[in-house]
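Read the structure below first, then the notes.
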């Protein structure tokens, strides 16, 4: 598979040089910014996006709160599982990093000695973005947008081929979607049990949402008792 890295009439390599060439023309400070964003920043932004979605879901409450939180729990789990699946894939393909086979690349991150296909960063962000989309479309679209930006950054930094990124997107999407149904079957009852517990209910529903639900239940029970009293009075 190392032959994929050969130069010449190879659109993968041509696109690599085109995107990475932007780094050569950019100011030094911009390259350092892209280095941080591509290596750490977008991963952190994805985590914060999931936390933001969780905060929104638990404040809203509702009957499906446990299922919604379970879907959000699946997002980081899907990312971790996708990275584990990538371990044997990398070992089988054994594709060197592009800067090892091609001269003239502007490599923004040093010390990358592992194999190139597929990109872990692209896999993680797309798995989380797709899983987030399953839980909430609005937040999910933002997550997928972050994943696409991550893929661009990895090529811009000179550490991955475009096909490494596309492979990561495919792997992350496949794991997040195909394993979502069994994951929800396992996680939803667990989150419902947490929701009903005295120690972990706040993880699924905020106090305000829980209070609103309790108030509604209380009003419902009061109304039932009032109706029963009226029926007894009419019968007498």
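Nothing in this text is a laboratory measurement; each read-out follows from the coordinates by a stated rule. It should be emphasised that the depicted structure is a prediction, and the values quoted were computed from it without experimental measurement. Positions of Cβ are backbone-derived with ideal geometry, glycine not excepted, and every protein chain shown enters the neighbour counts.
At a temperature of 25 °C and a viscosity of 0.890 mPa s, determine how fast the stretch 16-70 diffuses translationally according to Stokes-Einstein, using the Kirkwood radius over alpha-carbon pairs as Rh; express D in µm²/s, rounded to the nearest whole number. Calculated translational D: 175 µm²/s. Rg and Dmax of the stretch 10-204, based on Cα coordinates, read 18.6, 61 Å.
Summary of the geometry: the stretch 50-110 and the stretch 155-182, compared by the centres of their Cα atoms, lie 8 Å apart. Each peptide in 115-126, 21-32, 80-91 was scored by the mean count of other Cβ atoms within 10 Å over its residues; highest first, the order is 115-126, 80-91, 21-32.
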